[in-house]
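Just below is one structure, and these are the notes that go with it.
Each reported figure results from applying straightforward, stated rules to the coordinates on display, with no laboratory input. Fair warning: this is a prediction, and the values are worked out from it, not measured in the lab. Methodologically, a virtual Cβ is constructed for each residue, glycine included, from the backbone with ideal geometry; neighbour enumeration extends over all protein chains shown.
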């Protein structure tokens, strides 16, 4: 198995000093080249899970093995795209994409590599622009190019299109699908949008909240391009919604109880 | 009406009243000489080069003092931003130092260095260092954590992370720190020069005062004010604005 997550637990200590469990007994196995969405309501720990795979957050217990090696720190085998583009504003688009390449490549090689991936996200005409001159969608495409430029085996995406408007998001979905088809990266895609996860992924891991657990693992076997198979998409959407509804009700009733008890 | 016209009319009226009052003899010349006299004094000072030499001498002290202040301030700022112990000890005393006008160090400085350039430069250094250090600390502590996380996923760590991400990310604070350091250093410089030997703008101001040459006193005051305003508005505020824009801190 390419990525295996074994008996993973994560606890945080809240401001009163009480431990709270964010992730409980997570077990997952992901094949190389799979596009996997992690879907769940806010607070289910899906972003924390991704951050642990990235090596940015420590585990409380359990382990993550990628390609036979245990994850303890960030590495260039795992590229990450955040909800905000997180581009560095003091360097231009090309230099941003070259950022991860500076150490191991000559300047010429790094430039060529960066240009190749900027072409893939269709931003070849914006090499000299600075991040503040780009729209949100364009910034996010630069961030994707930057993550791809390291040629990682795994692409980790933490609600990458969550802050974009609907039209931009739809366009980026198509672009991401093309990139995935072309590069065959293993993608872990965190989202709270059911339709987004169905549109893009081979598998959907549905997570529940408080504590974060895996509720179910759904295979999406709709042929691509999926826009031609609307009926099947709706069928899966209803199936997923059944799982999520209970979770959302749980969150809502907890919030209501909290309000009345205050 | 455009603001620039309003300003011209405003200052025109003030200067006319001032000139008129002086010519009518409403007060003696030693109290407040007429603007025309001030202009004559400035002109002759520039023509016989004395004011230019003063300006040059003052700028030399300022350049040395400010350069040391910026380097020292940056070093202290980085140290207290990165080390908790340094912040608890050095950091906590910075605000106290910053609230003491640096000119009060002059008597001690004269004992240590003598009545010369070094004493003035010392006061200029103290004027700029603390405010620079405080801004550098704030800048480094306010680097968005997202930048650091993103850089870590791209293999940056340790010194490499500091040089390529933390340092450039805090440049807006470096610029603000430099602007304030300049302002404090400029004030400290003139105060120091008033109390020591020349040449220098402050020294010429006191020299003119000793001889009752009030038109020269006002002339030097105008030069000091003009340079302060020009450097602040034409240089530092412009850099600050363009940096803030590129760093995405303003729309």
Handout entry: Global geometry of the stretch A:177-262, whether rounded, prolate or oblate, following the gyration tensor of its Cα atoms and the 1.5 cut on a/c
Key = prolate
Completion exercise
To the nearest 0.05, the calculated FRET efficiency linking residue A:183 and residue A:29 through their beta-carbon distance, R0 being 25 Å, is 0.70
Problem - Contact order normalised by residue count of chain B, Cα under 8 Å, 6+ apart, percent - result: 24 percent
Practice task
Note the per residue figure in Å³ for the convex hull of the C-alpha positions in chain A.
Solution key: 152 Å³
Exercise for the section: Quickly estimate the mean residue ellipticity at 222 nm for chain B, helices only: each DSSP H run with n ≥ 4 gives -39500 (n - 2.57), and the total goes over all residues, rounded to 500. Expected result: -23500 deg cm²/dmol
Completion exercise
Site residue A:253, offset 7 angstrom along Cα→Cβ, radius 19 Å on amide nitrogen, limited to the stretch A:33-69, gives A:41-44
Fill in the blank from the handout: Per-residue average of other protein chain Cβ atoms inside 10 Å, peptide B:165-173 -> 2
Fill in the blank from the handout: Over all pairs of different Cα atoms in chain B, the reciprocal of the mean inverse distance gives a Kirkwood radius in Å of 20.8 Å
Exercise for the section: Have a look at A:185, A:116, A:230 and tell me which one the Gaussian network model of chain A (Cα, springs below 10 Å) gives the largest fluctuation. Expected result: A:230
Completion exercise
In degrees, nearest 10, the alpha-carbon axis of helix B:50-82 is tilted away from the dominant principal axis of the alpha carbons of chain B by 20 degrees
Completion exercise
Long-range share for the protein assembly as shown, i.e. C-alpha pairs more than 46 Å apart as a percent of all pairs, stands at 36 percent
Fill in the blank from the handout: Once normalised by the length of chain A, the mean sequence separation of its alpha carbon contacts under 8 Å that are 6 or more apart gives a contact order in percent of 25 percent
Practice task
Quickly work out the residue B:75-to-residue A:116 label distance, labels modelled 7 Å from Cα along the C-beta direction, and quote it in nm with one decimal.
Solution key: 4.5 nm
Problem - Tilt relative to chain A, helix A:107-120 - C-alpha long axis, 0 to 90 degrees, to 10 - result: 60 degrees
Practice task
In whole Å, largest first, what are the principal axis extents of the Cα atoms in the stretch A:44-122?
Solution key: 43, 27, 22
Handout entry: CD proxy at 222 nm, helix term only [per DSSP H run n ≥ 4: -39500 (n - 2.57); per residue of chain A; nearest 500]
Key = -12500 deg cm²/dmol
Fill in the blank from the handout: chain B, Gaussian network, Cα under 10 Å: of B:58, B:170, B:16, the residue fluctuating most is B:16
Exercise for the section: Could you calculate the FRET efficiency of residue A:125 with residue B:48 from 1/(1 + (r/R0)^6), where r is the beta carbon distance between them and R0 is 51 Å, rounded to 0.05? Expected result: 0.25
Fill in the blank from the handout: Dimensionless Rg/Rh of the stretch B:1-113, both radii on Cα and Rh by Kirkwood, sits at 1.20
Practice task
Quantify how strongly other chains surround peptide A:82-91 by giving the mean number of their Cβ atoms within 10 Å of each of its Cβ atoms.
Solution key: 5
Completion exercise
Relative to chain A, whose Cα atoms define the longest principal axis, helix A:166-183 and its Cα axis are tilted in degrees, nearest 10, by 70 degrees
